[in-house]
Amino acid sequence: MFYRVAKIICRLVLLLLRRWKVTGSTKLPAGQGMVVVANHVSYWDPVVVGCALDRKIFFMAKAELFKIPVLGFIITKLGAFPVQRQGADRSSIMKALELLKAGRLVGIFPEGTRSKSGKLLDPHLGAAMLALKGGVPLLPVAVSGTRGVLGQVKVVIGKPMYFKAHNPRKVSRSELQSVSEEIMREIGRLLAVVEKEVAV
């Protein structure tokens, strides 16, 4: 209930104040686990991506955010769960894989942090690892205009990307790197679509 009410309110705010526009299919098949990946330029990005899709997204968020009293309570209620950014956080990885196995959406920003320039940063390997180990597709999403409080917010939702590991139990680093780079290329392509619309 909390998630649905918050989503309705945020969608209204985005529509009335930021004139947001969503391109691509927002309806995803129920019961299909999927890793949702997007570029990251603003603290608003999880809200915008979460509002763009019809299904609930369980975002992986840096552990420090959960220590902030009010914010920590809110994001926990919205389904986010903490991840330690230093080293491999096995508990968060297991949590994400359990959600994917249960047919849920797990949201990750592959860049790992916000891009201050707006240009795509080199990806971390976590999103690719979850998709390959979980045997689920990745859904690329591009967001634009989320920085600041003025201007139009745009979201472009791509098509699910399917990859298969040679050995899901022991995925090689080269496989993770290859998938991660392909993810970022597709997000970059979607961003180019947004920029083309702005230029017209």
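Among the residues of the stretch 52-67, is any more than 17 Å from the chain's Cα centre (by Cα), among the aliphatic types (A, V, I, L, M) and modelled with pLDDT under 90?
Among the residues of the stretch 52-67, not one is more than 17 Å from the chain's Cα centre (by Cα), among the aliphatic types (A, V, I, L, M) and modelled with pLDDT under 90, which makes the answer no.
Which condition number does residue 156 fail, the rest of (1) in contact with a Gly (Cβ under 8 Å, 6 or more places away or on another chain); (2) free of Cβ contacts under 8 Å to residues at least 40 places away in the same chain; (3) under 21 Å from residue 28 (Cβ atoms) being met?
(2)
Keeping to the stretch 1-21, report how many residues are in a loop (DSSP other than H, G, I, E, B) and either within 17 Å of residue 148 (Cβ to Cβ) or modelled with pLDDT of 95 or more (or both).
So the count comes out to 2.
Kindly evaluate residue 106 against the criterion of being touching a helix residue (DSSP H, G or I) at 6+ places or on another chain (Cβ under 6 Å) and modelled with pLDDT of 95 or more.
Taking the combined requirement at face value, the residue satisfies it.
Within the stretch 22-53, can you find the residues that are more than 19 Å from residue 7 (Cβ to Cβ) and in a loop (DSSP other than H, G, I, E, B)?
Correct list: 29, 31, 32, 33, 39, 40, 41.
I'd like the residue in the stretch 76-132 that is without any contact (Cβ under 8 Å) to a residue 40 or more places away in the chain and of a type in the set (Ser, Thr, Tyr) and, out of all such residues, is nearest to residue 37 (Cα to Cα).
Among those that are without any contact (Cβ under 8 Å) to a residue 40 or more places away in the chain and of a type in the set (Ser, Thr, Tyr), it is 92.
Within the stretch 66-89, can you find the residues that are among the charged types (D, E, K, R) and more than 16 Å from residue 5 (Cα to Cα)?
67, 85, 89
The values are calculated or read from the model by the stated rules, or taken from the named source; none is laboratory data. All values derive from a computational prediction rather than experimental measurement. As a convention, Cβ positions derive from the backbone with ideal geometry for all residues, glycine included, and neighbour counts pool all protein chains shown.
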